[in-house]
Structure formats: structure tokens, C-alpha cells
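The values are calculated or read from the model by the stated rules, or taken from the named source; none is laboratory data. This one's a predicted model, so the numbers in the text were calculated from it and none came from an experiment. Using ideal geometry, Cβ is built from the backbone for each residue, glycine included, and neighbour counts are taken over all protein chains shown.
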Amino acid sequence: MDYYPGDLGYILGPLSAMLVFVSIFFGLIGLALYILLLVFVARDATRRNMNIAGWIILALFTGFWGTIIYLLNRGPIIVPKTPVKEVSQKTD
């Protein structure tokens, strides 16, 4: 097997295998970020008492842009009302 300056066949095998692994790695990172985006929308919509299913479907099919639309349209955080305990002062 002789080496010719224009022949790069000896490097294409490892290079293509490395390209496959890098593509799978970045694909898994993208999938993890996508799932985290959906979890964020679900938890935030729950805290704000909004339609969770509608916002999840929007974010699921439109991805980043649906989340931007959600962030622009979200309402205030609903804080549950808790009864205030009255503190009685003892007078001597």
C-alpha cells in the first residue's frame, strides 16, 4: 500500500466515526435541552394557574419560538392565600 499525496483514505475512516459520535453527542444535548424547556413551561404554567396542556403543545411543536411566545404572554404568579394567625399580646 503506497501513500499518494492526494489520497486521504487512511484518515476518512476515523474521521467519519468521530463525526458520528460528535453528532450523536450534540443531538443528545439538544434533546436534553428540549426536554428541560418543556419541563420549565409545565412547571411555570402550573405556578401561574395557566392552561398547561395548551402551552406544552405549543412549546412541543414550535420549540424555542413557542417558549418565547409563552414568556411574553404569561401571567402573574398566583400565591395561595394562607390565613394569617393573630398574635395575642399578654398584658400584665
Residues located in region 58-78, provided they are surrounded by 11 or more Cβ atoms within 10 Å (Cβ to Cβ) and more than 14 Å from the chain's Cα centre (by Cα) = I69, R74, I78
Could you grab the pairs with beta carbons closer than 8 Å, sequence gap of 6+ or different chains, first residue in region 68-80 and farther than 15 Å from I52 by Cβ and touching a residue at least 12 places away in the same chain (Cβ under 8 Å), second one part of a loop (DSSP other than H, G, I, E, B) and of a type in the set (D, E, K, R)?
-> P76/R48
Given the conditions (1) at pLDDT 90 or above; (2) hydrophobic (A, V, I, L, M, F, W, C); (3) not in a helix (DSSP H, G or I), report the number of the one that V87 does not fulfil.
-> (1)
